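The values are calculated or read from the model by the stated rules, or taken from the named source; none is laboratory data. Because the structure is a prediction, the values reported are computed rather than measured. Every residue, glycine as well, gets a Cβ built from its backbone with ideal geometry; the counts of neighbours run over all protein chains shown.
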Amino acid sequence: MAAAIALFLSSAGSDGHTEAAAGNHAPYFELKNDIRRVNLSAARGKYVVINFWSAQDAQSRIDNALFDRAFTTGSRSDVEYVSVCLDDDEILWKQIMIADGLHAVNQYMASESPLTDILSDYGTESGCRNFLISPQGEVLAAGLDVPSILSRLAS
């Protein structure tokens with residue numbers, strides 16, 4: 001069975017899409033891997049860090065490992081970390097999870113999902129990105145590193 005089974009998006013823009021930009025309501029997402037399902041609605045009341053990365057982009061892979069360590073150690077129960085691999089090679093993705101010591105519970109693969117919507121809604125056509133979403137579902141920032149996110153959460 002594929003590691004990522006579903007990704008559903010809905011948004012409220014006039015063209016059916018809401019751009020994930022600071023100040024906008026975050027586009028809805030729902031992801032499922034072999035371990036659990038996560039969606040934006042279920043994460044209400046928590047900050048969400050959603051990170052889109054690719055094995056083809058070395059910096060995004062490094063950042064993914066840093067995010068995974070920062071937000072899955074149990075020290076930040078107020079943050080839901082969601083990692084979405086944009087590649088379509090499930091074997092490589094699983095090998096990277098092992099090699100990089102990633103927590104599988106927060107790792108999702110988007111290859112079997114409606115990528116057109118997620119790429120459009122989260123603006124990842126131009127490269128890998130991450131987003132900080134408020135407990136109320138508003139995009140607070142995009143493209144931050146771990147220290148910047150931790151600083152935003154502390155303020």
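Of note:
- Residues satisfying the stated conditions in segment 51-76, i.e. in a loop (DSSP other than H, G, I, E, B) and free of Cβ contacts under 8 Å to residues at least 24 places away in the same chain: Thr73, Gly74, Ser75
- Any hit, segment 108-123, residues being at pLDDT 90 or above and in a helix (DSSP H, G or I): no
- Residue within segment 127-144 that is at pLDDT 90 or above, of a type outside the set (A, V, I, L, M) and over 21 Å from His25 (Cα atoms) present: no
- With respect to the stated conditions, Asp78 is in contact with a strand residue (DSSP E or B) (Cβ under 7 Å, 6 or more places away or on another chain) and of a type in the set (Asp, Glu).
- Check on Asp87, under 20 Å from Tyr122 (Cα atoms) and either part of a helix (DSSP H, G or I) or among the aliphatic types (A, V, I, L, M) (or both): no
- Some residue of segment 55-69 being modelled with pLDDT of 80 or more and more than 16 Å from the chain's Cα centre (by Cα): yes
- Evaluation of Gln95 against the conditions (1) outside any loop (DSSP other than H, G, I, E, B); (2) modelled with pLDDT under 90 shows that the sole unmet condition is (2).
- Matching residues, segment 21-60, being basic (Lys, Arg) and crowded, with 18+ Cβ neighbours inside 10 Å: Lys32
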